[in-house]
Amino acid sequence: MDVINWKEELLPYQQAVDEMIVKFKSIQREFKKKEIHSPIEQINGRVKTISSILEKAAKKNIPVSKALEKLEDIAGVRIICRFVEDIDKVVSIIKERNNIDMQILEEEDYITNTKKSGYRSYHITVKYPIFTISGKRDIIGEIQIRTLAMNFWATIEHSLRYKYNGNMPEELKTRLQVCAEAAFKLDTEMTTIRDEILEAQRIIQTKNNLVNEIINNIHNLHFIANVENMNEFNKEFINLYQEGNIEKLFEFNRQLETMARLYKVQYS
Ligand code: 0O2
């Protein structure tokens with residue numbers, strides 16, 4: 001059997017993970033910029049470790065030489081959502097891209113069909129094309145979509161599963177199943193105060209965007225238009241910010257925009 005050059009073989013998987021992360025982060029950024037609730041809360045990705053590949057191949061009776069070809073989650077991206085309903089939105093977003101920049105091969109809904117362990121998550125197996133210096137390659141990867149609560153449970157259960165290496169005591173399994181139900185109950189309860197949470201999120205986002213605009217305007221007026229009394233504006237901004245009155249901040253920004261128009265400052 002040829003020696004596998006793992007470092008080289010895993011490189012395209014890393015590229016696929018990196019590219020997918022960039023794409024999902026862009027979607028998240030777009031929602032935030034438009035001050036719309038983003039169904040994507042966090043994005044993580046990883047290439048399976050060599051020991052985890054070997055372990056899974058052994059578990060599934062796959063020869064090591066076929067592991068890269070047969071295992072479908074070597075490239076893995078995880079999308080974490082705030083609410084259970086957000087999972088459907090993320091799934092729709094991915095489906096819209098089907099046959100455009102990725103191809104959906106399989107879907108597994110472990111939310112409706114909860115695993116015996118208590119595991120909940122939505123899995124989408126995709127074929128993702130990448131372009132390397134040797135040409136085009138299709139990488140098979142798995143996108144896992146779950147809520148913060150589901151992720152909390154899965155992370156804890158995963159480490160315990162690892163600790164017991166397939167021999168988890170029955171009592172612990174049962175307790176974990178109870179915890180999984182409690183996590184799902186938390187998700188359901190959170191949904192009932194969803195509007196309240198979304199409103200809080202929107203206020204924070206509006207304020208963040210406004211502060212960025214003000215800083216940008218002050219920066220442009222000072223460094224591009226060389227407007228002199230910007231120190232005064234800066235102080236006024238800090239005072240208004242500390243006062244915490246968003247309406248006054250909006251008014252202040254309008255003044256800056258009027259000045260910028262006067263000086264015909266180019267926005268960056
Ligand atoms: P890692 O370290 O996260 O990559 P399976 O035969 O069920 O193990 P298969 O056939 O590839 O795996 O399909 P499936 O069910 O889609 O599972 C793939 C991944 O889902 C797992 O990868 C886990 O990440 C996650 N997963 C599935 N079931 C469970 C579970 O009961 N508990 C936890 N915590 N995660 C689960 P790996 O390779 O097991 O692990």
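The values are calculated or read from the model by the stated rules, or taken from the named source; none is laboratory data. Since the model is a prediction, treat every value here as computed from it, not as a measurement. Quick reminder, even Gly has a Cβ in these numbers, built from the backbone with ideal geometry, and neighbours come from all protein chains shown. These area figures cover heavy atoms from the full protein model, side chains too; ligands, DNA and RNA do not enter into them. Shrake-Rupley method; radii C 1.70, N 1.55, O 1.52, S 1.80 Å.
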When the charge dipole of the chain is computed with +1 at the Cβ of Lys and Arg and -1 at the Cβ of Asp and Glu, the Cα pointing farthest to the positive end, of Val84, Thr132, Val211, is that of Thr132
The size of the Cβ-based charge dipole (Lys, Arg +1; Asp, Glu -1) of the chain about the Cα centre, to the nearest 20 debye, is 600 debye
If unit charges are put on Cβ atoms (+1 for Lys and Arg, -1 for Asp and Glu) and the dipole of the chain is taken about its Cα centre, the option from Met190, His158, Thr49 lying farthest towards the positive end turns out to be Thr49
One finds the C-alpha centres of region 163-232 and region 50-123 to be spaced, in Å, by 24 Å
One would report the antiparallel percent of DSSP beta bridges in the chain, rounded to the nearest 5, as 75 percent
So, relative contact order of region 196-262 in percent, Cα under 8 Å, 6 or more apart, is 40 percent
With all protein chains present, the chain has a carbon and sulfur share of its accessible area (1.4 Å probe) in percent of 53 percent
The correct ranking of His222, His123, His158 by accessible area at 1.4 Å, largest first, is His158, His222, His123
In terms of the alpha carbon gyration tensor, root eigenvalues a ≥ b ≥ c, rounded if a/c is under 1.5 and otherwise prolate when a/b exceeds b/c or oblate, region 1-101 is prolate
Taking Cα pairs closer than 8 Å and at least 6 residues apart, the relative contact order of the chain in percent is 15 percent
Dividing the helical contributions, -39500 (n - 2.57) per DSSP H run of n ≥ 4, by the residues of the chain yields a 222 nm value, nearest 500 deg cm²/dmol, of -19000 deg cm²/dmol
Yeah, region 6-192 with a ≥ b ≥ c from its alpha-carbon gyration tensor (a/c under 1.5 is rounded, else prolate when a/b outruns b/c, oblate otherwise) is oblate
Nearest 10, in degrees from 0 to 90: the angle of helix 230-243 to the longest Cα principal axis of the chain is 60 degrees
As straight-line cross-link partners of Lys34, the qualifying lysines (C-alpha separation under 29 Å, not fewer than 8 residues apart within one chain) are Lys23, Lys25, Lys89, Lys95, Lys207, Lys235, Lys248, Lys264
Expressed in nanometres to one decimal, the distance between label points 7 Å along Cα→Cβ at Glu189 and Lys95 is 3.2 nm
Any aspartates and glutamates whose Cα falls less than 13 Å from that of Lys33, other than same-chain ones fewer than 8 residues away, would be Glu213
From most to least accessible, 1.4 Å probe, no ligand or DNA/RNA atoms counted, Glu257, Glu251 line up as Glu251, Glu257
A student applying the Cα gyration tensor rule (rounded when a/c is under 1.5; otherwise prolate if a/b is larger than b/c, oblate if not) would label region 196-262 prolate
A chain fully extended from Glu107 to Asn212 at 0.36 nm per residue, minus the present Cα-Cα distance, gains in nm 33.8 nm
Sorted list, accessible surface of protein heavy atoms, 1.4 Å probe, largest first, for Trp153, Trp6 is Trp6, Trp153
